[in-house]
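Structure record follows, encoded as structure tokens.
All of the numbers you see were taken from the coordinates with simple rules; none came from a lab. The model shown is predicted, which means the values in this text are computed figures rather than measured ones. Cβ coordinates were reconstructed from backbone atoms using ideal geometry, including for glycine residues, and neighbour counts include every protein chain displayed.
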């Protein structure tokens, strides 16, 4: 593996593991909500497709944001090391990369509000 792909791949793996762990913890903390979600998914194919779409929207956008922050962040560190006065611009660029996850979360909430 090339040196510049090691960090994004590691961050991507960490993000996937954290998402899986958070899902399992959520289901363990509130089993009634898990059963309600299971009943809702079984009641209608439209509902199950909507839940799947919301999960994909949130998950893929989070993975994309993790990758974007890794790439932009590593470039930002290099730029700030050479010219410290660029810190303000660099922080804005990293924040824009983080915004991808927020957009995916908003789309997921909008999808779930449509079916509820």
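Fewest neighbouring Cβ atoms within 10 Å first, the residues 92, 111, 106 line up as 92, 106, 111. Model label sites at residue 89 and residue 52, defined 7 Å from Cα along the beta-carbon direction, differ in position by 4.6 nm.
Working out 0.36 nm times the residue gap between residue 71 and residue 107, then minus their Cα-Cα distance, what length gain in nm do you get to one decimal?
Roughly 10.6 nm would be gained on extension.
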